[in-house]
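Here's the structure we're looking at; comments come further down.
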Amino acid sequence: MAAKKRGVLVIEVFPESLAEDAGIQPGDRLLTIGGEPVLDQLNYQYLVSLFDETEVAWERPDGSLGSAIMENGGDGLGVDLAEDAVKVCRQNCVFCFVQQMPKGFRQSLYLKDEDIRLSFLYGHFSTLSSSDDAELDRVIREHLSPIHVSVHATDPEARIKVVGNPKEGEILRKIDRLIAGGIQMHTQVVVAPGYNDGEVWEKTVRELWDRREGILSLSCVPVGLTAHREGLPKLSDVGSDYAADWVKRWTPEVRRYAQANDGEPWLLLADEWFTRAGVEVPGRSFYSRSWAQLENGVGMIRRFQEHSRRFIKSPKAKGFAGRRALLLTGASFAPVLNRVLAELNREVGSHLRAVAAVNHSFGEMVTVAGLLCGRDLEYAAQADRSAHDGKADWVDAVVVPSSSLRMGTGPTDQYTLPGASAGQGDSLFLDDLTLADLARSLGRPIVAGGENLSQLLDHLRGLD
């Protein structure tokens, strides 16, 4: 195996920049800034911010070296650096979704990212399994805070059972090291019945609450199982009865912890607990003022409802008048969406309907919109058209969930998963079907829904 090259590759040098004046060119590799090795893009941003004047060293493609002292004022040098490869998870969690993936999808979907940089930048949850003491010290030094940590259990024996790694039971040691260094974190537990619920979960809550100077929040999410678990540990799904018991037991605790936390919710229940239990999500005060852990499925339904209530009474809502559209979504969100659309239709005279698309790709037990594949949405739309006498123009447009679309090749242009290929665009579903493919199959315009009704209207107007 070839040795890893030193430094970070320069792919662009901006005109009239400090880097250009110093003679740095695309193809060079930044080696050190202020005498310290350049590790990646995030580290580069940290190093250039330390001093108003700094010494930069680089290596040219022919192996020769260059250096210069630059008066950068703590700002960038005028270079664009190559993408950083994402670190891969070394855990073997019993509920790992990647291991439950059916065959035949693109390679990058089978790679498990475990990168503390993405945890800081974009809210990805890390088990910290790939973070040794040196990396934790880097997080502290560069003050990458807050980060997002998948705890799953603070009890060492239970955590080892969940994550499948005998070296990763002592998660509190890493958490305490980070907190002592001034790092704050949002945490989560994926609840798997029989593994980390009951007394294990209660201990996790207590021990993280005792560290609340560094633990900003703790969310609990019900385990998600697909129909593709051949050869994997036996797990019990979180059914409606289990979810209802959880909601009954822990909803009062959410409010109790919030009261003890100056009114700010600290313990967070994901929306799936309520949708699986078949009960309404709580009101606005149940959720963080900043909608903490929204991307983890905490409060998404309530925020959508709050926005919809205001939007329907606004003048802009009249833009929906007369519009006919079919909105496809997951089974868990469809009842909520249909109630909102019924109110909108009554108020402005629109003709919008929501239909739950069955997830044939991962299994019917997977009910979230973000895991619907293009074929699942196609089947649902075709079935709806058949129910309307097969008319080609049964709706003016078909709306698909934005969350089901792959937006780019990675979290950003700066960080990509190994194996991901660039240039595939923003319109791919998980099964590589495109919006254009779906439009050709259905003979109807296809648009992404957006986060709320206002964005949906903007997208429908785009068709005009």
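Restricting attention to segment 359-392, which residues are without any contact (Cβ under 8 Å) to a residue 40 or more places away in the chain, within 18 Å of P445 (Cα to Cα) and part of a helix (DSSP H, G or I)?
D376, Y379, A383, S386
Quick check: anything in segment 110-120 in contact (Cβ under 8 Å) with a residue 60 or more places away in the chain, assigned to a helix (DSSP H, G or I) and of a type outside the set (F, W, Y)?
There is at least one residue in segment 110-120 that is in contact (Cβ under 8 Å) with a residue 60 or more places away in the chain, assigned to a helix (DSSP H, G or I) and of a type outside the set (F, W, Y).
Only one of these is surrounded by fewer than 16 Cβ atoms within 10 Å (Cβ to Cβ) and either of a type in the set (A, V, I, L, M) or assigned by TED's automatic domain parsing to the domain that holds G164 (or both): R309, R284. Name it.
Sole residue among the options that is surrounded by fewer than 16 Cβ atoms within 10 Å (Cβ to Cβ) and either of a type in the set (A, V, I, L, M) or assigned by TED's automatic domain parsing to the domain that holds G164 (or both): R284.
Take the residues in segment 226-251 that are small (G, A, S) and touching a residue at least 24 places away in the same chain (Cβ under 8 Å); name whichever of them is nearest to V298 (Cα to Cα).
My answer is A243.
Does segment 53-64 include one or more residues that are exposed (fewer than 13 other Cβ atoms within 10 Å of the Cβ) and either hydroxyl-bearing (S, T, Y) or assigned to a strand (DSSP E or B) (or both)?
yes
Assess whether D376 counts as being under 22 Å from the mean Cα position of the chain (by Cα) and among the acidic types (D, E).
yes
Working carefully through the options P252, P265, find the one that is loosely packed, with under 14 Cβ neighbours inside 10 Å and either under 23 Å from the mean Cα position of the chain (by Cα) or part of a helix (DSSP H, G or I) (or both).
One residue alone meets the criteria, P252.
Could you tell me whether R106 is in the same structural domain as L232 (by TED's automatic domain parsing), of a type outside the set (G, A, S) and within 30 Å of V191 (Cα to Cα)?
yes
All but one of (1) modelled with pLDDT under 95; (2) surrounded by 15 or more Cβ atoms within 10 Å (Cβ to Cβ); (3) more than 30 Å from Q100 (Cβ to Cβ) hold for G390; state the number of the condition that does not hold.
(2)
Does L9 count as under 35 Å from the mean Cα position of the chain (by Cα) and assigned to a strand (DSSP E or B)?
Here the answer is yes, as L9 does meet what is asked.
Which ones in segment 312-336 are of a type in the set (G, A, S) and either more than 28 Å from G278 (Cβ to Cβ) or surrounded by 21 or more Cβ atoms within 10 Å (Cβ to Cβ) (or both)?
S314, A317, G319, A321, G322, A325, G330
Determine whether G299 is surrounded by fewer than 18 Cβ atoms within 10 Å (Cβ to Cβ) and either at pLDDT below 95 or on the phi > 0 side of the Ramachandran plot (or both).
So G299 does not fit the description; no.
May I ask you to say which residue of G278, G231, G263 is in the same structural domain as G181 (by TED's automatic domain parsing) and touching a helix residue (DSSP H, G or I) at 6+ places or on another chain (Cβ under 8 Å)?
When all the criteria are applied, what remains is G278.
When you go through R339, R353 one by one, which is the residue that is free of Cβ contacts under 8 Å to residues at least 24 places away in the same chain, outside the structural domain of E272 (by TED's automatic domain parsing) and either outside any loop (DSSP other than H, G, I, E, B) or crowded, with 20+ Cβ neighbours inside 10 Å (or both)?
R339
What number of residues within segment 80-120 satisfy the criterion of being of a type in the set (F, W, Y) and surrounded by 17 or more Cβ atoms within 10 Å (Cβ to Cβ)?
Residues meeting the conditions: 3.
In segment 309-326, which residues are assigned to a helix (DSSP H, G or I) and within 14 Å of D464 (Cα to Cα)?
Scanning segment 309-326 gives G319, F320.
The values are calculated or read from the model by the stated rules, or taken from the named source; none is laboratory data. Since we're looking at a predicted model, the values are computed, not measured. When we count neighbours, we look across all protein chains shown, and the Cβ atoms used for this are built from the backbone with ideal geometry, even at glycine.
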